[in-house]
Amino acid sequence: MAKASGQRSYLVLENYIGGKFVPCRNHIDSSEPSTGEVYCKVPDSGKEEVDAAVAAAKEAFPDWSARSPQQRAQILNKLADLIEAHLEEFAQAESRDQGKTVTFARTVDIPRSAYNFRFFASSVLHHTTDCSQMDHMGCLNYTIRCPVGVAGLISPWNLPLYLLTWKIAPAIATGNTVVAKPSEMTSVTAWMMCKLMQQAGVPPGVVNIVFGTGPRAGDALVGHPDIPLVSFTGSTATAQRITERSAPYCKKLSLELGGKNPAIIFADADLDQCIETTVRSSFSNQGEICLCTSRIYVERSIYSEFLERFVAATRKWKTGVPSDPSNNNGALISKEHLEKVRSFVALAKSEGGIVHCGEGVEQLDLPELNSSGYFMPATVISGISDSSRVMQEEIFGPVTCVSPFDTEDEAVAKGNGVRYGLAATVWSRDVGKIHRVAKRLQAGLVWTNCWLVRDLNLPFGGMKNSGVGREGGKDSYHFFTEVKSITIKH
Ligand SMILES: NC(=O)C1=CN([C@@H]2O[C@H](COP(=O)(O)OP(=O)(O)OC[C@H]3O[C@@H](n4cnc5c(N)ncnc54)[C@H](O)[C@@H]3O)[C@@H](O)[C@H]2O)C=CC1
Ligand SMILES: N/C(=C\C=C\C(=O)O)C(=O)O
């Protein structure tokens, strides 16, 4: 709803509780990353709003969980249809709110959000449970799976609608009701989806969306005694706080966290394909995807050729106004985040690193209106030691580092030499080598000769500080349900 607040007109969001839009007393300013201007007021919800949402979700649970998976699937598919019918509106809104290009939102975020509902509607119809006979005891034993109750879902700002629906879809497909909290920086498309949920026939209280900050709304949600499970995507530091906060209640947790993802490139790789894909894997969505490549290890015999060609290809990766279809990247999420990303480049330089391209905003062709936006071009660095913070910490921006290796063992050791373990790519034509390296890498996902090919049936999640648990296909089914073993004595 657009409302005048003072001299200017802002988009004012409301919480969605029990199937109704509920105004909030206090609001947080949310700005447009490509101009730096505040354009939206997001509810600053706290315990009171979270309590109301949990009460609505509890009330809706008995009816929703008693419906058949087929009945629930019909509603999920309807919601997917409606998101697809409004794809362009959602893409424009996601781009304005997050800073990403409209093209990326139109071709990735929004279609994949709709597909989350379609996929989990179908996927839950096909899972089976276990059965075992104990004839000597006269017993038949089997398992069933039941929804857990009210699921607490917390999502980040980088893929706003996609990561929110990645959680809502399996949670409600399996019969849970939910209270979800999107990032306070990117709440608009979640709010837009609430209207479509009403049209799709999602019963009141099945999906409740409470907007607000992590320390207020997020903390109230995680600490609510009637929320038995929490699915979270975001930073490792926040996940640690969520873990502590949930401990007194022994909550079921799924934590999808950051990455410092290596690309390992052997001399026998198809370099044309590898360079094209590694530019994409390093810089897509401004490098603001937990799966983006940020450390590139190249076999020494092709290191110089790779670096030269990779830098040349990166120079063609255009950053600028998100609505211009010729741009590959838009703006970073916030001024603070831009400063954090730039500070890593400054650190690299202070440690003797070479910045081959990118870094400054001067080289971008930005109209005056957008010159105060949070833009940063794709940046390639080399000559940094593996122990540097630049090579160890998640930067989450358009910055990638290139470094040589001599042997397969060294490549694996470098790949594994960080506290994260989310994703990796391996480039070679030798299937045996690919298999050996993929097996030894400490990463929840390994793509070989490709990147971001996503089969939602496969487990998604990370090792080490990149997360706890897996979601996707059968793993989402297991996470969002409790298994029960039943013994029938006959
Ligand atoms: N998918 C990923 O791997 C992501 C990684 N990050 C990393 O984290 C850094 C910081 O970004 P932030 O937005 O601050 O991430 P964050 O982890 O603080 O935020 C993610 C979500 O958690 C919520 N949250 C924050 N504190 C909370 C708390 N105490 N209890 C419950 N919920 C809470 C936020 O409101 C948001 O909805 C980024 O620079 C990036 O390195 C950020 C977003 C996504
Ligand atoms: N979880 C994230 C990305 C997932 C992408 C995908 O499912 O393809 C993230 O960036 O946090």
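The values are calculated or read from the model by the stated rules, or taken from the named source; none is laboratory data. As the structure is a computational prediction, the values presented were derived from the model and not from experiment. Quick reminder, even Gly has a Cβ in these numbers, built from the backbone with ideal geometry, and neighbours come from all protein chains shown. Heavy atoms of the whole protein, side chains included, go into the accessibility calculation; ligands, DNA and RNA do not. Shrake-Rupley method; radii C 1.70, N 1.55, O 1.52, S 1.80 Å.
Filtered by the rule that a residue be touching a strand residue (DSSP E or B) at 6+ places or on another chain (Cβ under 7 Å), in a helix (DSSP H, G or I) and open to solvent by 10 Å² or more (accessible area, probe 1.4 Å), the stretch 346-380 gives a lone residue, LYS349. The single condition among (1) in the same structural domain as ALA60 (by the TED database); (2) surrounded by 19 or more Cβ atoms within 10 Å (Cβ to Cβ) that SER281 does not satisfy is (1). Being within 17 Å of the chain's Cα centre (by Cα) and in the same structural domain as VAL179 (by the TED database) is a condition met by at least one residue of the stretch 476-486.
Within the stretch 175-207, which residues are outside any helix (DSSP H, G or I) and within 16 Å of ligand 2 (Cβ to nearest atom)? Result: ALA180, LYS181, PRO182, SER183, MET185, THR186.
Within 10 Å of ligand 1 (Cβ to nearest atom) and assigned by the TED database to the domain that holds GLY19: is that true of THR186 in this structure? Answer is yes for this residue. Among residues of the stretch 149-165 that are over 12 Å from GLN98 (Cα atoms), those with a Cβ under 7 angstrom from a residue that is hydroxyl-bearing (Ser, Thr, Tyr) and within 13 Å of ligand 1 (Cβ to nearest atom), sequence gap 6+ or separate chain, pair up as ALA151/SER231; LEU153/SER231; SER155/SER183; SER155/THR233; LEU163/SER155; LEU163/THR233; LEU164/SER155. Residues to consider are GLY201, GLY205; find the one that is at positive phi, more than 9 Å from ligand 1 (Cβ to nearest atom) and open to solvent by less than 10 Å² (accessible area, probe 1.4 Å). Selected residue: GLY205, the only one of GLY201, GLY205 that is at positive phi, more than 9 Å from ligand 1 (Cβ to nearest atom) and open to solvent by less than 10 Å² (accessible area, probe 1.4 Å).
Looking only at residues of the stretch 219-252 that are within 16 Å of ligand 2 (Cβ to nearest atom) and small (Gly, Ala, Ser), we find that the one that is surrounded by the most Cβ atoms within 10 Å (Cβ to Cβ) is SER231.
The number of residues in the stretch 393-422 that are of a type in the set (A, V, I, L, M, F, W, C) and closer than 16 Å to ALA438 by Cα comes to 4.
To keep it simple, each residue is scored yes or no on (1) within 16 Å of ligand 1 (Cβ to nearest atom); (2) without any contact (Cβ under 8 Å) to a residue 60 or more places away in the chain; (3) assigned by the TED database to the domain that holds LEU366; (4) crowded, with 23+ Cβ neighbours inside 10 Å.
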residue: CYS290; (1), (2), (3), (4): yes, no, yes, yes
residue: GLU305; (1), (2), (3), (4): no, yes, yes, no
residue: ASN329; (1), (2), (3), (4): no, no, yes, yes
residue: SER334; (1), (2), (3), (4): yes, no, yes, no
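For beta carbons closer than 7 Å, sequence separation of 6+ or different chains, a first residue in the stretch 202-217 that is over 16 Å from GLY149 (Cα atoms) and a second that is within 16 Å of ligand 2 (Cβ to nearest atom) and open to solvent by 10 Å² or more (accessible area, probe 1.4 Å), the qualifying pairs are GLY214/THR238.
The strands (runs of 3 or more DSSP E) located wholly in the stretch 385-490 that include 1 or more residues which are over 30 Å from TYR142 (Cβ atoms) occupy 399-405, 423-427, 445-448.
Across the stretch 313-326, not a single residue is classified as over 27 Å from SER371 (Cβ atoms), open to solvent by 10 Å² or more (accessible area, probe 1.4 Å), touching a strand residue (DSSP E or B) at 6+ places or on another chain (Cβ under 6 Å) and in a helix (DSSP H, G or I). Residues of the stretch 157-176 that are within 9 Å of the chain's Cα centre (by Cα) and surrounded by fewer than 24 Cβ atoms within 10 Å (Cβ to Cβ): TRP157, TYR162.
Checked against the criterion of being within 16 Å of ligand 1 (Cβ to nearest atom), small (Gly, Ala, Ser) and out of contact with any Pro (no Cβ under 8 Å at 6 or more places or on another chain), the stretch 128-147 contains not a single residue that satisfies it.
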